[in-house]
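Working notes for the structure below.
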Amino acid sequence: MNLDFSSVLPSFPFILKGIVVTIQIALLSGVLGFVFGIILSLFKISNIKLLGWFADAYTSIFRGTPLVLQLMIIYFGSPQVLGYQIDPFTAAVVSFALNSTAYISEIIRGGILAVDKGQSEAAMALGVPYRSMMLNIVLPQAIKNILPSLMNEFITLTKESAIVTTIGVMDIMRRAYQVGADKFRFIEPLLLAGVIYYLIVMALTLIGKLVERSMRKSD
């Protein structure tokens, strides 16, 4: 195998700059997906059938179609639907947030259902409003139980963000590809990009374990 990193190492700082873009996309879409995921999970367990049907249909569509397809529809379809072109970064955040909402809503729904029903029944017997019960009693316990799954979803989101290179977002992968095209050597910059993604994932995994350990100690 003819590998020569000497020609691409000077461009390594250029690839590293993509870390900021990658983290921004993952963080923004992760936060939005978490917020909307909570709302969607409440729709799923609601007694209002219309909300349940909407939540199930939403989850079915976004889990049943490829993320790259959703990204391209939002980016390339925006001029036809909205009358103007959404910038690549915004399209990436929107598509990832919408997709993440479907998965996170299922995680949160499972966490809510895993909480002992006796606690919610006791709260209702004491006259605690439904909203206060969910926000102060059920959801905090559910989130503690599903924290590893949520962290895993964020890690997956970080790795999958590499597909934004298809719409020209200057993330790690796009920069590595540009270096490869400039140097006519693709394996070396792509391997460097792989090392960067791996280190990011390892760092996120460590942070997740520390947060989980801290929450366990607070019990």
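The values are calculated or read from the model by the stated rules, or taken from the named source; none is laboratory data. Everything numeric in this text was worked out from a predicted model, so none of it was measured. Cβ atoms come from the backbone with ideal geometry, glycine included; neighbour counts cover every protein chain shown.
Is it fair to say LEU191 is part of a helix (DSSP H, G or I) and over 30 Å from SER6 (Cα atoms)? Here the answer is no, as LEU191 does not meet what is asked. Among the residues making up the range 64-78, those that are exposed (fewer than 13 other Cβ atoms within 10 Å of the Cβ) and in a helix (DSSP H, G or I) are GLY64, LEU69, GLY77. None of THR101, THR158 is touching a Gly at 6+ places or on another chain (Cβ under 9 Å), more than 17 Å from ILE39 (Cβ to Cβ), at pLDDT 90 or above and not charged (D, E, K, R) except THR158. Taking the range 126-144 as the range and being under 22 Å from the mean Cα position of the chain (by Cα) and buried (at least 18 other Cβ atoms within 10 Å of the Cβ) as the test, the residues that pass are LEU139, ALA142. Take the conditions part of a helix (DSSP H, G or I), modelled with pLDDT of 95 or more and touching a Leu at 6+ places or on another chain (Cβ under 7 Å) and apply them to SER60. Does it pass? For SER60, the condition - part of a helix (DSSP H, G or I), modelled with pLDDT of 95 or more and touching a Leu at 6+ places or on another chain (Cβ under 7 Å) - is not met. Residue check: VAL169 meets all listed conditions (1) farther than 27 Å from PRO66 by Cβ; (2) assigned to a loop (DSSP other than H, G, I, E, B); (3) within 20 Å of the chain's Cα centre (by Cα) but one, namely (1). Note on the range 104-125: residues that are buried (at least 18 other Cβ atoms within 10 Å of the Cβ) and over 30 Å from the mean Cα position of the chain (by Cα) amount to 1.
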